[in-house]
Amino acid sequence: MKKRRGFVQIAILHLLKEEAMHGYQIMKELEERSSGAYSASAGTVYPALQELLDQHLIELDAESDKKIYVLSDKGKKRVEEAAAHFEVEFWVEWKERMVWRNSKHAIQLKEAVDRWEKEWRKSVKKARGNPKKIQELITMMEEMTDRLKKDSNS
């Protein structure tokens, strides 16, 4: 499964909007902006940088002998578009998300989702070829989705 890096990519774009940086600077700055709640790893940051390069949202500084990343015009536009989706300043949102990710409740929720997913996969495997069981699973998923929608709208 491909790891999602969307929020890290947006954070990188925000950093590069402020100034050109090399990868290690980006990793340190992401950690600092979260007050240490996010520990950036090369395994996350460098693939995110490569994806941003592939999407032409960032470029390498042609005048530097080091790998210095700069925001492209397309990247500047993406940062502006993304800003409209945040209710608060981006770095406030960044810090809140990173603190939440490490909280006891977030960890408990992730563990519960992981257990649920394991059981879901077993149920789907067992239901293969059994239209009645498949329909029961679909009904269960629709009921859960409706409950989540109702809960998120209240």
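Matching residues to (1) of a type outside the set (Val, Ile, Thr); (2) touching a Ser or Thr at 6+ places or on another chain (Cβ under 8 Å); (3) without any contact (Cβ under 8 Å) to a residue 40 or more places away in the chain:
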{"residue": "ALA48", "(1), (2), (3)": "yes, no, no"}
{"residue": "LEU57", "(1), (2), (3)": "yes, yes, no"}
{"residue": "LYS66", "(1), (2), (3)": "yes, no, no"}
{"residue": "ARG101", "(1), (2), (3)": "yes, no, no"}
{"residue": "LYS104", "(1), (2), (3)": "yes, no, yes"}
{"residue": "LEU109", "(1), (2), (3)": "yes, no, yes"}
{"residue": "VAL113", "(1), (2), (3)": "no, no, yes"}
{"residue": "VAL124", "(1), (2), (3)": "no, no, yes"}
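Could you list, in sequence order, all residues of the range 53-107 that are of a type in the set (Lys, Arg) and touching a Lys or Arg at 6+ places or on another chain (Cβ under 8 Å)?
LYS76, LYS95
In the range 74-99, how many residues are without any contact (Cβ under 8 Å) to a residue 24 or more places away in the chain and touching a Leu at 6+ places or on another chain (Cβ under 7 Å)?
Count: 1.
Take TYR46 and decide whether it is under 16 Å from LYS95 (Cα atoms), surrounded by 14 or more Cβ atoms within 10 Å (Cβ to Cβ) and within 17 Å of the chain's Cα centre (by Cα).
No; evaluated as a whole, the condition is false for this residue.
Might you let me know whether the range 97-109 holds any residue that is under 22 Å from HIS14 (Cα atoms), surrounded by 13 or more Cβ atoms within 10 Å (Cβ to Cβ) and not aliphatic (A, V, I, L, M)?
Yes, the range 97-109 contains at least one residue that is under 22 Å from HIS14 (Cα atoms), surrounded by 13 or more Cβ atoms within 10 Å (Cβ to Cβ) and not aliphatic (A, V, I, L, M).
Go through the range 31-43 and give me each residue that's closer than 18 Å to GLY6 by Cβ, free of Cβ contacts under 8 Å to residues at least 40 places away in the same chain and surrounded by 15 or more Cβ atoms within 10 Å (Cβ to Cβ).
ALA40, the sole residue that qualifies.
Select from the range 64-116 the residues that are modelled with pLDDT of 95 or more and among the acidic types (Asp, Glu) and list them in ascending order.
ASP73, GLU111, ASP114 - these are the residues of the range 64-116 that are modelled with pLDDT of 95 or more and among the acidic types (Asp, Glu).
Here's the yes/no breakdown for (1) assigned to a loop (DSSP other than H, G, I, E, B); (2) under 21 Å from ALA82 (Cβ atoms); (3) among the hydroxyl-bearing types (Ser, Thr, Tyr):
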residue	(1), (2), (3)
HIS14	no, yes, no
ILE26	no, yes, no
LEU30	no, yes, no
SER35	yes, no, yes
THR44	no, yes, yes
GLN50	no, yes, no
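Mind counting the residues in the range 62-104 that are charged (D, E, K, R), in a helix (DSSP H, G or I) and either more than 18 Å from GLU19 (Cα to Cα) or over 17 Å from the mean Cα position of the chain (by Cα) (or both)?
Total meeting the criteria: 12.
The values are calculated or read from the model by the stated rules, or taken from the named source; none is laboratory data. Worth saying up front: this structure is predicted, and the values here are computed from it rather than measured. Here Cβ is always computed from backbone atoms with ideal geometry, including for glycine, and neighbour counts include all displayed protein chains.
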